[in-house]
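Trainee: The structure is given below, and queries will be raised subsequently.
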Amino acid sequence: MRSKIAVIGDRESVAGFRAVGFDVFDVPEAEKADSGEQLSNLISELAEKQYGIIFVTEELISASPDTPDRYRNDMLPAVIPIPGRNGSMGIGMENIHKNVEKAVGADIFND
């Protein structure tokens, strides 16, 4: 069975992903105050529907940083931060550093 892929973020950031066949869920700018709870509920719903990969814009992740942590030790879904239309906030790279340090036992990216 092939896993489904979802992309969550503001319309401008995620619209292009629809063209490559991903399921897109946009969070309008007006709802940013509620975006943390909305993101948590949406990811839970997508996890129940067997989505294997869920890309989320860094802006939404920053509104609800604990949400992706709930799935960190689970095989699926993989919740992956991506830059939004305003560019990268560094959250995705920070997560990569943490995971590599956990796997290797040292921060190999440290200058």
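Trainee: How large is ³J(HN,Hα), in whole Hz, for each residue of the stretch 49-63 in order, when computed from phi with the Karplus curve 6.51 cos²θ - 1.76 cosθ + 1.60 and θ = phi - 60°, using x for Gly and Pro?
Mentor: 8, 6, 6, x, 10, 10, 8, 9, 4, 4, 4, 6, 4, 5, 6
Trainee: Residue separation times 0.36 nm, minus the C-alpha to C-alpha distance between GLU45 and ARG11: what's the value?
Mentor: Answer, rounded to one decimal: 10.3 nm.
Readers should treat all values here as calculations from the given coordinates under stated rules, not as data from a laboratory. The structure presented is a predicted model; accordingly, all values stated were derived computationally and were not measured.
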